[in-house]
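A.B. asks: Below: one structure in structure tokens.
The values are calculated or read from the model by the stated rules, or taken from the named source; none is laboratory data. Only a predicted model underlies this, so the values are computations on that prediction, with no experimental measurement involved. Please note: Cβ atoms are built from the backbone with ideal geometry, for glycine as well, and neighbour counts cover all protein chains shown. For accessibility, only protein heavy atoms count, side chains too; no ligands or nucleic acids. Shrake-Rupley method; radii C 1.70, N 1.55, O 1.52, S 1.80 Å.
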Amino acid sequence: MRLSQFYLPTLKETPKEAEIASHRLMLRAGMVRQSSAGIYTWLPLGHRVLRRIEQIVREEQDHAGAQEMLMPTIQPAEVWRKSGRYDDYGPEMLRIIDRHERELLYGPTNEELITEIFAATVRSYRDLPKMLYHIQWKFRDEVRPRFGVMRGREFLMKDCYSFDLDYEGAVRSYRKMFVSYLRTFARMGLKAIPMEAATGPIGGDLSHEFIVLAPTGESAVFCDREVLDIDVLSEDVDYGDDGALGAVIDRFTRVYARTEEKHVAADFEKTVPEARRYEGRGIEVGQVFYFGKKYSTPMGAVVTGPDGQAVTVEMGSYGIGVSRLVGAIIEACHDDNGIIWPDAVAPFDVEIINLRPGDEACDAACMEAYAKLQSAGKDVLYDDRDERPGVKFADADLIGIPWRMVIGPRGIKDGKVELKRRDGTVADEVSLAVALDRLAAAARG
RNA sequence: CGGGGAGUAGCGCAGCCUGGUAGCGCAUCUGCUUUGGGAGCAGAGGGUCGGAGGUUCGAAUCCUCUCUCCCCGACCA
């Protein structure tokens, strides 16, 4: 993509409503525009990141054995009456009346809908277990939306639902999702720590929140630093091996890691040596619940068991805040000049900066790099704008593409280009050919 | 929902107290000069002053009502 053609309305000054880093940077980098309180338009740069995050979530869900589907945003009130939540959910639920005076709502979550579909279509224990998910926009009419996309009213969420014949099966499903969440967040370059959680209005008795450590997070968290160093990506997980899943989960859950609500200072001090105590703040990016028959009973999700008897299925639900993750990643990955995207979610892999458009040697080198990187499968942003170098550097820092190739007249006469990582780990002057080789070899994350 | 604050050009703001017909910086457009970290000069365009009523010869400014947005708190992917 040529930057001169790209729809990227960056801002030099910060709109005054934005308080926290991710919100400021998303507005300044031209990723989103606010439409009304807690509702955002995703501009091309932001949309690219959203899609990449969504894709990682999708791949890990599929890998864990879940199947993707798509439920509507608008739901009938009727199914919520059946579960008893229509009145319980309160003013957070956006209620809608259509032209026939039918009561509808914009879905804040989908337990009712999926359970109804399941109940209507699945008859036998032979069809179990099942894990079904979708990635769809939700609406919760928050009293006070804030922090940009981190607490919006409209947000993109992946929600998965598991159906099992018995408790043991439900726990197996829970474990699969637990491990897939560990992998999902790790792939995005995040340290997301599972912490014991309260179950809230969704109900149930087994739940963990996944918390990304960030100083501007909404929850206070306390954990053993040991949990920060666990690597879940280097080993390949066999989702069919319940023992292996249990072992991974145990490594995380045996050490102290709790949010404020569950924190007990005396336990923390007793079980964690002082040097390993981490106290900070975090952002909740996912939560997993086991809730048994809370919905399957009222909604009639019943299958025939092996003995011919009717069995009410065991369920769980598993959410990831996809749009919130965009903000959470920025909170965890930025500096004073802008965003520092982890490779896996970056909107582009490489940015080429032409310091002197119109200069024959610079233009030729840039076009060569642009073409070769693209044919090597890289997403390339080429800053071919007729702007001064300072403007280009400032914008590049702001939008935070992981790799940067700077091509200017000073270097090009010695046959050199500058190759830099936005995170500061690489800054070299090398020949164009060497730079291209190194970028071609660079992992995308 | 309790408490606080703000709506004036795309963004950031001044003007309001003490009414007299809207201004600054950045951005945008044109031209020239510049070009390795947000350039300089010259010129130009752009505003129902959130909205509705009222007071007045006259309202961005005073009064009443209203809408929207933000911040702190309580609640939440």
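A.B. asks: If I filter segment A:4-28 down to residues being more than 9 Å from RNA strand B (Cβ to nearest atom) and over 17 Å from A:His47 (Cβ atoms), which single residue comes out as least open to solvent (accessible area, probe 1.4 Å)? Step through it out loud before you land on a result.
C.D. replies: At the first step, the residues of segment A:4-28 found to be more than 9 Å from RNA strand B (Cβ to nearest atom) are A:4-8, A:21-22, A:24-26.
So of that shortlist, the ones also over 17 Å from A:His47 (Cβ atoms) come out as A:4, A:21, A:24.
Details: A:Ser4: 57, A:Ala21: 11, A:Arg24: 84 Å².
That would be A:Ala21.
Conditions tested, residue by residue: (1) touching a Lys or Arg at 6+ places or on another chain (Cβ under 6 Å); (2) of a type outside the set (S, T, N, Q); (3) in a strand (DSSP E or B).
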site	(1), (2), (3)
A:Ser162	no, no, yes
A:Met177	no, yes, no
A:Ser180	no, no, no
A:Thr184	no, no, no
A:Val212	no, yes, yes
A:Gly217	yes, yes, no
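A.B. asks: Mind listing whichever residues of segment A:135-156 are closer than 20 Å to A:Glu19 by Cα and over 14 Å from the mean Cα position of the chain (by Cα)? It would help to see each step written out before you state the result.
C.D. replies: Narrowing segment A:135-156 to residues closer than 20 Å to A:Glu19 by Cα: A:142-155.
Within segment A:135-156, A:Glu142, A:Val143, A:Arg144, A:Pro145, A:Arg146, A:Phe147, A:Gly148, A:Gly152, A:Arg153, A:Glu154 meet the criteria.
A.B. asks: Answer yes if at least one residue in segment A:317-329 is assigned by TED's automatic domain parsing to the domain that holds A:Thr121, touching a helix residue (DSSP H, G or I) at 6+ places or on another chain (Cβ under 8 Å) and either among the aromatic types (Phe, Trp, Tyr) or more than 15 Å from RNA strand B (Cβ to nearest atom) (or both), and no otherwise.
C.D. replies: yes
A.B. asks: Now for a separate question. Of all residues in segment A:29-42 being open to solvent by less than 10 Å² (accessible area, probe 1.4 Å) and within 13 Å of RNA strand B (Cβ to nearest atom), which is nearest to A:Asp343 (Cα to Cα)?
C.D. replies: Filtering segment A:29-42 for residues that are open to solvent by less than 10 Å² (accessible area, probe 1.4 Å) and within 13 Å of RNA strand B (Cβ to nearest atom), the one nearest to A:Asp343 (Cα to Cα) comes out as A:Ala29.
A.B. asks: On to the next question. Only residues in segment A:7-20 that are closer than 15 Å to A:Val32 by Cα count as the first member; pair them with residues that are more than 7 Å from RNA strand B (Cβ to nearest atom) and hydroxyl-bearing (Ser, Thr, Tyr), Cβ under 6 angstrom, at least 6 apart or cross-chain, and list the lot.
C.D. replies: Every condition considered, the pairs that remain are A:Ile20/A:Thr216.
A.B. asks: How about segment A:289-315: which of its residues are at pLDDT 95 or above and part of a strand (DSSP E or B)?
C.D. replies: A:Val302, A:Val303, A:Thr304, A:Ala310, A:Val311, A:Thr312, A:Glu314, A:Met315
A.B. asks: Can you confirm whether segment A:68-80 contains a residue that is within 12 Å of RNA strand B (Cβ to nearest atom) and not assigned by TED's automatic domain parsing to the domain that holds A:Asp386?
C.D. replies: Step one: of segment A:68-80, the residues within 12 Å of RNA strand B (Cβ to nearest atom) are none.
The answer is no, given that none of the residues of segment A:68-80 is within 12 Å of RNA strand B (Cβ to nearest atom) and not assigned by TED's automatic domain parsing to the domain that holds A:Asp386.
A.B. asks: Taking the conditions exactly as written (over 30 Å from A:His334 (Cβ atoms) and more than 13 Å from RNA strand B (Cβ to nearest atom)), does A:Arg187 satisfy them or not? Break it down into steps so the answer makes sense when it comes.
C.D. replies: Values: over 30 Å from A:His334 (Cβ atoms): no; more than 13 Å from RNA strand B (Cβ to nearest atom): yes.
Answer is no for this residue.
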